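Following: one structure in structure tokens, then a few remarks.
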Amino acid sequence: MLLLPSTLDNIVAFVKTSAKAKRPRLEICPYGTVTLIAPRRFSARHWQGFLRDNTGWITQTLERIDHHRRQAPQLHTIQPGVIHLPAVGATWHIDYSNQQRRGAIESQIEGGQRLTVRAGDNHEHLKHLNAWVRARAHAVLPTRLREISEQTELRFSRINIRAQKTRWGSCTRSGTISLNQNLLFLSPELADYLMIHELCHTVHMSHSARYWTLVKRFSPDYRLHESRLRHAANQVPLWAAGARQRTAQPGDTVIRLTMPI
Ligand SMILES: [Zn+2]
């Protein structure tokens, strides 16, 4: 069930009372579900007042989510019909089935590739989709890193593929490079650049002037790539970024907010 409001003047919020909460707090999940975490002593009258006082922040946040959703609907759905992996130029058509055998099964179809996700519920199909992204990443990212390593003559010792939430990659002193599986959702240029960035850390660990001189040798446009990387999380579908849609839980009160015009 998706509770993202279709119009911003009709907002549904969950109220969760908490014994631990000292003061009321608002949360908006990346899918647009508004939750008020309220102390026990807070009454229904207080809820409405608190929400009204925070109307500005709520509408601004929901407008931002709504704008992003309209620009890239496929990144916001929890049941994608198509998955684009720009880094490898691949498009997958996704089918869902609740057959007994579980998992994500790849097949070829006319004009592309198909992935059939067999799962009992949303939670389970997201698990299979994420495991599949990881398998795709394992299939392609190490090969690409080795190619770039050969071109640049920057050696690394090991590679890890991870589902990191906050980093695109990292490099240890011993030369182990970790890459985020969600690099698959970036452009090939940006994914390549991230690998150059990490490979240069095998020579200079810190972001020193000498480090950037080395980066520039292999990627003259490194400043542009760095700034794009900072905003690149926007290109990852919410289901792959680990965002969970909050849904009503036992004990929640569901209230409908009517925003003042
Ligand atoms: Zn770095």
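The values are calculated or read from the model by the stated rules, or taken from the named source; none is laboratory data. Just so you know, these numbers come straight off a predicted model, no measurement behind them. Neighbour counts are summed over all protein chains in view; Cβ atoms, including those assigned to glycine, are modelled from backbone coordinates with ideal geometry.
Taking the condition modelled with pLDDT of 95 or more and away from the ligand (no atom under 12 Å from the Cβ), does L224 pass?
Taking the combined requirement at face value, the residue satisfies it.
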Only unsatisfied item for H204, checking (1) in contact with a Cys (Cβ under 6 Å, 6 or more places away or on another chain); (2) within 16 Å of the ligand (Cβ to nearest atom), is (1)
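Would you confirm, using the coordinates I've provided, whether R155 is surrounded by fewer than 16 Cβ atoms within 10 Å (Cβ to Cβ) and within 16 Å of the ligand (Cβ to nearest atom)? It would help to see each step written out before you state the result.
Details: surrounded by fewer than 16 Cβ atoms within 10 Å (Cβ to Cβ): yes; within 16 Å of the ligand (Cβ to nearest atom): no.
The answer is no for R155.
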Tally of residues being acidic (D, E) and within 20 Å of the chain's Cα centre (by Cα) across the stretch 122-150: 1
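When you check I109 against the structure, is it closer than 30 Å to W168 by Cβ and either modelled with pLDDT under 90 or not assigned by TED's automatic domain parsing to the domain that holds I161 (or both), yes or no?
Working: closer than 30 Å to W168 by Cβ: no; either modelled with pLDDT under 90 or not assigned by TED's automatic domain parsing to the domain that holds I161 (or both): yes.
Criteria not met by I109.
At least 2 residues that are without any contact (Cβ under 8 Å) to a residue 24 or more places away in the chain and loosely packed, with under 12 Cβ neighbours inside 10 Å in each: list the strands (runs of 3 or more DSSP E) lying fully within the stretch 1-109 that qualify.
Working: elements: 10-18, 25-28, 34-39, 82-85, 90-97, 103-109.
Of the strands (runs of 3 or more DSSP E) lying wholly inside the stretch 1-109, those with at least 2 residues that are without any contact (Cβ under 8 Å) to a residue 24 or more places away in the chain and loosely packed, with under 12 Cβ neighbours inside 10 Å span 103-109.
Yes or no: I94 of a type in the set (V, I, T), over 21 Å from the mean Cα position of the chain (by Cα) and in the same structural domain as N130 (by TED's automatic domain parsing)?
No.
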Residues of the stretch 38-89 being in contact with a Phe, Trp or Tyr (Cβ under 8 Å, 6 or more places away or on another chain) and among the aromatic types (F, W, Y), in sequence order, are F42, F50
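For residues that are within 15 Å of the ligand (Cβ to nearest atom) and surrounded by fewer than 15 Cβ atoms within 10 Å (Cβ to Cβ), scanning just the stretch 160-171, find the one that is farthest from A87 (Cα to Cα). Let's see the steps before the verdict.
Pass one, the stretch 160-171, residues within 15 Å of the ligand (Cβ to nearest atom): 164, 166-171.
From what's left, surrounded by fewer than 15 Cβ atoms within 10 Å (Cβ to Cβ): 166-167.
Working: T166: 19, R167: 17 Å.
It comes out as T166.
Yes or no, residue by residue, for (1) part of a loop (DSSP other than H, G, I, E, B); (2) free of Cβ contacts under 8 Å to residues at least 12 places away in the same chain:
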{"position": "S178", "(1), (2)": "no, no"}
{"position": "D192", "(1), (2)": "no, no"}
{"position": "H204", "(1), (2)": "yes, yes"}
{"position": "Y211", "(1), (2)": "no, yes"}
{"position": "H231", "(1), (2)": "no, yes"}
{"position": "P237", "(1), (2)": "yes, no"}
{"position": "A240", "(1), (2)": "yes, no"}
{"position": "T247", "(1), (2)": "yes, no"}
{"position": "R256", "(1), (2)": "no, no"}
Under 28 Å from V203 (Cβ atoms), at pLDDT 90 or above and either touching a Pro at 6+ places or on another chain (Cβ under 7 Å) or of a type in the set (A, V, I, L, M) (or both): is that true of L154 in this structure? yes
Looking at the stretch 172-196 only, could you name the residues that are within 15 Å of the ligand (Cβ to nearest atom) and surrounded by fewer than 19 Cβ atoms within 10 Å (Cβ to Cβ)? T172, R173, G175, T176, S178
By residue number, the members of the stretch 161-175 that are more than 14 Å from R146 (Cβ to Cβ) and in a strand (DSSP E or B) are R162, G169, S170, C171
Among the numbered conditions (1) in contact with an Asp or Glu (Cβ under 8 Å, 6 or more places away or on another chain); (2) within 26 Å of Y31 (Cβ to Cβ), tell me where H225 comes up short. (2)
